[in-house]
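A.B. asks: Let me begin by handing over the structure; questions about it come next.
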Amino acid sequence: MALFDRDRREENPRTRRLYAVWELVYTLVDFGAAAAFLVGSVLFLYESLHTSATWCFIVGSALFAFKPTIRTWRDIKLASMGDVEDLEREERRR
């Protein structure tokens, strides 16, 4: 099965579960990034908290940068699932 194939996520219960777990992680990272930017924005209103605000923006940016990595890991894992099953079927035919 090809990498980034959308049909792969519905192939069996194991792939559906994996897809759901990765989507949950993706959503949590999204919320974390949004929260970091929101907190950073509020902290930036106070001169004494500019350093903390800057760190919140850095953390939020890192979380946003992590999102494509999560999707890529998920798609690679989904693409690799089933390869063993294909090999087993091929071996039985011999």
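No lab work stands behind these numbers, since they all come straight from the coordinates. As the structure is a prediction and not an experimental result, all values here were calculated from the model. Using ideal geometry, Cβ is built from the backbone for each residue, glycine included, and neighbour counts are taken over all protein chains shown.
A.B. asks: Please work out which residue is farthest from Thr72 (Cα to Cα), limiting yourself to the stretch 19-51 and to residues that are touching a Leu at 6+ places or on another chain (Cβ under 8 Å) and free of Cβ contacts under 8 Å to residues at least 12 places away in the same chain.
C.D. replies: So the residue we want is Leu49.
A.B. asks: Between residues in the stretch 59-77 that are closer than 14 Å to Gly32 by Cβ and residues that are among the β-branched types (Val, Ile, Thr), which pairs lie under 9 Å by C-beta distance while being six or more apart or on different chains?
C.D. replies: Taking only residues 6 or more apart or on different chains, the pairs are Gly60/Val39; Leu63/Val29; Phe64/Val29; Phe66/Val29; Lys67/Val29; Ile70/Val25; Ile70/Val29.
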